[in-house]
Amino acid sequence: MLRFSQRCESLKSSSIMEISAKAAELKLQGFDVISLAAGEPDFNTPIEIQNAATKAMADGITKYTPAPGFLTLRQAVADHVTRENDFPVEPSEVVITCGAKHALYTAIQCLVNPGEAVLVPTPAWVSYGAIVELAGGYIIPLPLLEEDGFRPNVERWKGMALPSNVRGIILNSPNNPTGAVYSRDDLMKLVSWALSRDLWIISDEIYEKITYDQLRHVSVASLGPEVKGRTVTVSGFSKSHCMTGWRLGWTITEKDLAQKISAFTSQSISHVTSFAQMGALTAARMGHGVVDKMVSEFDARRQYVASRLDKWSGDVAYTMPHGAFYFFVNCSKLLSRKGVNDVQMCRDLLANQHIGLVPGASFGSSGYVRLSYATSMENLHRALDRFEDYLRT
Ligand code: PMP
Ligand code: GLU
């Protein structure tokens, strides 16, 4: 019998991608589906970035590029991060990757051996588990509690018996799915614990530009040279500059690991699309205007969703998100009233109310649903009306 590799036996597609695809399929069949499932800005990529990529194609920038990306782009990303994230970056520490997802994938491939573990504060983004498993490793979830505002509380983890083969920890602030933004103090405590255990820190900062309530994102690598030397910073322009489809992100880490990540890139995808890199070069050099405008629109939507959820406090509860564009809604009362779990509820809501939401189980926390407000106010209004109908039935 023809067989697949063991590593692919239990491999599944991203559940978020699957729900989004299902919603799109229903739409094609003529149903008026509103998807609050996938987390991607609903705005188009800024015109300056589009023009830069189009011009690059016309100018013949359509050939292979260096594996870690054009040096001009790595320099521009290094300057951008040095300026905005409060830590010094050299171009030799930057590798341009196929989105933040592939940045995480290559970093984990370069750091984790089969049988080794990676700590993941949970609830956590859906792909961390699969990415670690594809390297032959496994994840150990560390609880993030609603009563702590889903922020890390190292005291809760100190008593946990952890094996000696833990290689690293994946951090994500601003957080998907909870919207929590970790403070400098949270990070200092967490990082000193991680360093005392000799761990690599993989810091997924893809939502770094999307924060509210005057909170400012703190980069883990800005906590000092020792921390920077043990950190892989993962980020990109997918969320901040509405470039999800461009597949462009980066890793920033110390030179030896950066070289391995570059070699891995060279042997797998060669490099990121040449003209997409030229679009990103413009993004790296742009001012904040576009991002600020988008964030203030997200903020208005955030307030609107909160005002609707507040009316249903007998059924649902939430912790106000301070970053990204998600609510992680605690539906435990509603679920027990309806006698279903979060997966079944999301299935029902898509099939009957035609709204797409992602079950908390996908993020390792049953009893919740994730709602993305990266969609128009009108869509939010209509989707929440439909959710209200569901609550009434
Ligand atoms: N990390 C997190 C937490 C995400 O939510 C996502 C998806 N938006 C990614 C990484 C991957 O981002 P990209 O689209 O740049 O690959
Ligand atoms: N990261 C986005 C989300 O969390 C898109 C899904 C994915 O990349 O798998 O919705």
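Going out from 0 in 5 Å bins, what whole percent of all Cα-Cα distances in segment 265-393 drops into each bin?
It works out to 2, 9, 16, 19, 15, 9, 9, 9, 7, 4, 1, 0, in whole percents.
For a quick protection proxy, order the peptides 134-140, 67-73 by their average other-Cβ count within 10 Å, most packed first.
Values: 134-140: 17.6, 67-73: 20.4.
By packing density, highest mean first, the sequence is 67-73, 134-140.
Using 5 Å bins from zero, what percent of all Cα-Cα pairs in segment 1-53 falls into each bin?
4, 15, 14, 13, 12, 14, 13, 9, 4, 1, 0
Which angle from 0 to 90°, rounded to the nearest 10, does the C-alpha axis of helix 47-58 make with the longest principal axis of the chain?
50
When the label point is put 7 Å from the Cα of Glu378 along its Cα-to-beta-carbon vector, which residues of segment 34-58 have a backbone N closer than 14 Å?
Of the residues in segment 34-58, 34 have backbone N under 14 Å from the label point off Glu378.
Mean projection of the alpha-carbon convex hull of segment 170-325 over all orientations, in nm²? Display every interim value, and only then the final one.
Working: hull surface 45.9 nm².
Over every viewing direction, the Cα hull of segment 170-325 projects on average to 11.5 nm².
Counting pairwise Cα distances across the chain, what percent come out greater than 26 angstrom?
In whole percent, the long-distance tail amounts to 53.
Cut-off under 18 Å on the C-alpha distance; same-chain residues fewer than 8 positions from Lys239 excluded. Which lysines are left, in chain and number order?
Lys239 reaches Lys101, Lys209, Lys293.
For a Förster distance of 30 Å, can you work out the FRET efficiency between the beta-carbons of Arg83 and Gln259, rounded to the nearest 0.05?
Working: r = 25 Å, r/R0 = 0.82.
Result of the calculation: an efficiency of 0.75.
Using Cα atoms only, what is the angle between the long axis of helix 377-392 and the major principal axis of the chain, expressed in degrees (0 to 90) to the nearest 10?
40
For Ala351 and Glu226 in one chain, what is 0.36 nm times their gap in residues minus the Cα-Cα distance, to one decimal in nm?
On the way: separation 125, 0.36 × 125 = 45.00 nm, distance 5.12 nm.
Fully extending the segment from Ala351 to Glu226 adds 39.9 nm.
What per residue convex hull volume, in Å³, do the alpha-carbon atoms of segment 305-354 yield?
Here the figure is 93 Å³ per residue.
³J(HN,Hα) across segment 141-147 via Karplus (A = 6.51, B = -1.76, C = 1.60, θ = phi - 60°), whole Hz, x for Gly/Pro?
x, 10, x, 10, 9, 4, 5
Would you list, by chain and number, the aspartates and glutamates whose Cα falls below 15 Å from the Cα of Lys228, excluding same-chain residues fewer than 8 positions away?
Asp86, Glu90, Glu93, Asp198, Asp204, Glu205, Glu254, Asp256
Calculate one ³J(HN,Hα) per residue across segment 152-163 by plugging θ = phi - 60° into the Karplus curve 6.51 cos²θ - 1.76 cosθ + 1.60, and present them in order as whole Hz with x for glycine and proline.
x, 10, 4, 4, 6, 9, 4, x, 6, 7, 10, x
State the three equivalent ellipsoid semi-axes of segment 191-246, derived from the C-alpha gyration tensor as the square roots of 5 times its eigenvalues, in descending order and whole Å. The partial results should precede the final answer.
On the way: eigenvalues 124, 40, 13 Å².
Semi-axes, largest first: 25, 14, 8 Å.
Which of the peptides 35-48, 150-163 is most tightly packed, and how do the rest follow, judged by the mean count of other Cβ atoms within 10 Å per residue?
Working: 35-48: 18.8, 150-163: 14.0.
Descending packing order for the listed peptides: 35-48, 150-163.
Which whole number in µm²/s is D for segment 64-112 by Stokes-Einstein, with the Kirkwood Rh taken over Cα pairs at 10 °C and 1.306 mPa s? Walk me through the intermediate numbers first.
Working: Rh = 11.6 Å.
Translational diffusion coefficient: 137 µm²/s.
How big is segment 158-199 in terms of Cα radius of gyration and Dmax, in angstroms?
For segment 158-199, the Cα radius of gyration and maximum Cα-Cα distance read 11.8, 31 Å.
Run the numbers on the chain and let me know its relative contact order in percent, using alpha-carbon pairs under 8 Å that are six or more apart. Mind showing how you got there, number by number?
On the way: 720 pairs, mean separation 92.3, N = 393.
With pairs under 8 Å counted, the relative contact order is 23 percent.
Where a number appears in this text, it was derived from the coordinates with a stated rule and is not lab data. Predicted model only: the values in this text are computed from it and were never measured. Neighbour counts run over all protein chains shown; Cβ positions are idealised from the backbone, glycine included.
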